Every structure is written in C-alpha cells, then in structure tokens.
Amino acid sequence: MRRKLAAGNWKMNGLVDDLAQIKALTDAHPAPDVDMLICAPATLIAQMAWARGPHPMQIGGQDCHAARSGAHTGDISAPMLRDAGASHVIVGHSERRADHGETDADVAAKATAANASGLIAVICIGETLAQREAGEALAVVTGQLRGSLPEGATAANTVVAYEPVWAIGTGKVPTTDQIAEIHGALRHALRDVMREAEAVRLLYGGSVKGANAAEIFAVADVDGALVGGASLTAEDFSPIVTALENA
C-alpha cells in the first residue's frame with residue numbers, strides 16, 4: 001500500500017510570524033494517518049523544522065542546485081537543505097520550468113543531487129492549456145516524466161506530482177476523468193522504466209481545496225496532493241489533510 005501524502009508548497013511566501021500556522025496544523029493533526037509535508041522558502045526551513053517539534057510532519061525545500069557546492073551565488077545545494085532540516089525538495093515545478101527555463105535534463109540533474117544527499121525528490125510535471133487543447137497532454141506529461149526521472153530513482157527517494165499548468169492558482173480543476181487519465185498514463189509510464197512503479201506515489205496539484213479534495217482523492221492512482229495557496233494556513237490546509245485521511 002502506498003502511504004498517502006499531503007504536501008504543501010508555500011512558494012515565495014512566509015515570514016517568521018507565519019510559523020504559527022505550523023503549530024496550529026500540528027495541533028489539528030497530532031497523529032496523522034497520512035504523511036504531511038510543507039515545502040518552505042529556504043529562509044524558514046530550519047525554523048520550521050524546530051517549530052514542528054516532535055510531530056512527524058516533514059519539511060522540504062522548493063528547489064536545489066545540481067552541484068553540491070561551488071561558485072553559484074544565490075543558489076542552494078541539496079546538502080544545504082538537508083543540513084537545515086529538510087527531508088524533501090521540489091524539483092521541476094512549472095514555475096521554475098517557465099521562469100528559469102529549466103529543462104527535463106536540468107530537473108533530472110537536480111533530482112540526482114537531491115537523492116545523493118538523502119533527500120526525496122518531488123518531481124513536478126504538467127501541461128499548459130495550449131498543449132491540452134492541442135491534444136498533447138498525455139504525450140507532454142509522460143515525456144516530462146521520462147526525461148525528469150534520474151537514474152536510480154526508487155519509490156523511496158522519488159515522488160511524482162502532476163500539476164496541470166493551467167490549473168495552478170487559477171481555480172480551474174480538471175475533471176476527475178481527466179485526472180484519472182493522466183495518472184493512469186503516468187503509472188503505465190513508470191512501469192516501463194522502474195521496477196518499483198507500483199510503489200511510487202503520484203500526487204495531484206492545481207487549485208486543490210478543502211471543498212474539492214475528497215472528490216480528487218477518490219480518483220484511482222491519486223496518492224495525495226501538492227497544494228499551493230491553500231497550504232499557507234492551517235485553516236485551509238487542515239481540511240485537505242482530513243479529506244486525505246478519509247480517502
């Protein structure tokens with residue numbers, strides 16, 4: 001059985017005062033039946049790891065450099081994230097792919113670095129609206145998956161998050177049939193390249209909220225969610241965690 005994962009991505013949000021949300025969230029779910037993960041801005045990772053106390057909530061980064069160290073001003077390496085208290089790191093988010101021109105090869109290199117440092121890589125993939133309307137969604141996401149998976153990827157060091165670009169922060173959500181089609185194709189693609197394909201967790205992301213979480217989590221091969229805006233407060237994220245626990 002794949003253990004469910006409720007992951008939050010705070011993106012470029014959060015100051016020290018916002019760590020109160022972590023206390024509220026751990027108080028609301030003192031013994032969660034699913035894994036909980038918050039991917040924080042780098043400035044908050046160490047403090048967030050402290051703020052969670054003994055709670056099993058995991059802390060992640062939002063990106064890492066492919067190199068362990070070096071002359072890369074402003075970048076953060078996977079060993080630095082690990083040292084700060086992170087257990088996971090997001091790589092290949094559509095905002096990184098679009099804003100920074102990251103390719104599948106770049107993402108695979110970052111995932112390789114993450115795994116080498118003991119971090120679980122949360123590999124993001126997803127099609128644009130133009131690609132979906134052109135009937136290219138399946139080809140795009142399976143191609144991104146194959147190109148972004150590093151050699152040596154396993155169910156223990158890899159999570160895959162499908163986030164249709166057109167649904168991120170827009171309030172638009174694919175139908176459950178559309179989500180099922182993509183997740184089914186991703187599972188099939190994993191079988192072609194990994195021995196542990198059935199054990200890899202597949203997350204859905206894109207305008208997930210407490211109001212639609214249960215419906216999304218009922219879809220086959222949806223093992224949780226990668227949540228953006230709704231992860232910033234315990235009030236919004238807690239119902240998503242609860243929905244996943246009840247799925």
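Those helices (runs of 4 or more DSSP H) of segment 134-247 in which 3 or more residues are polar (S, T, N, Q) occupy 137-148. Counting just the residues of segment 51-80 that are assigned to a helix (DSSP H, G or I) and of a type in the set (Gly, Ala, Ser), which one comes out nearest to residue 7 (Cα to Cα)? Only one residue fits best here, namely 51. Just so you know, in segment 113-133 the residues that are within 16 Å of the chain's Cα centre (by Cα) and assigned to a helix (DSSP H, G or I) include one that is surrounded by the most Cβ atoms within 10 Å (Cβ to Cβ), and it is 114.
Considering segment 189-237, the residues that are crowded, with 20+ Cβ neighbours inside 10 Å and polar (S, T, N, Q) include one that is farthest from the chain's Cα centre (by Cα), namely 207.
Checking each residue in segment 51-74 for being of a type outside the set (Gly, Ala, Ser) and loosely packed, with under 14 Cβ neighbours inside 10 Å picks out 54, 56, 68, 72, 73. Basic (Lys, Arg) and assigned to a loop (DSSP other than H, G, I, E, B) - does that describe any residue in segment 81-89? Checked segment 81-89: no residue is basic (Lys, Arg) and assigned to a loop (DSSP other than H, G, I, E, B).
Pick from segment 22-45 the residues that are more than 19 Å from the chain's Cα centre (by Cα) and among the small types (Gly, Ala, Ser): which of them is nearest to residue 242 (Cα to Cα)? Filtering segment 22-45 for residues that are more than 19 Å from the chain's Cα centre (by Cα) and among the small types (Gly, Ala, Ser), the one nearest to residue 242 (Cα to Cα) comes out as 28. Considering (1) aliphatic (A, V, I, L, M); (2) surrounded by fewer than 20 Cβ atoms within 10 Å (Cβ to Cβ); (3) in contact with a helix residue (DSSP H, G or I) (Cβ under 9 Å, 6 or more places away or on another chain), the lone condition that residue 109 does not fulfil carries the number (3).
Out of segment 19-56, which residues are farther than 13 Å from residue 234 by Cβ and small (Gly, Ala, Ser)? Hits for segment 19-56 are 31, 40, 42, 46, 49, 53. In summary, residue 168 fulfils each of the numbered conditions (1) out of contact with any helix residue (DSSP H, G or I) (no Cβ under 8 Å at 6 or more places or on another chain); (2) under 20 Å from residue 107 (Cα atoms); (3) of a type in the set (A, V, I, L, M) with the single exception of condition (1).
None of the figures in this text is laboratory data; all of them are computed from the coordinates on show. As the structure is a computational prediction, the values presented were derived from the model and not from experiment. Ideal geometry is used to build each Cβ from the backbone, glycine not excepted, and the neighbour counts take in all protein chains shown.
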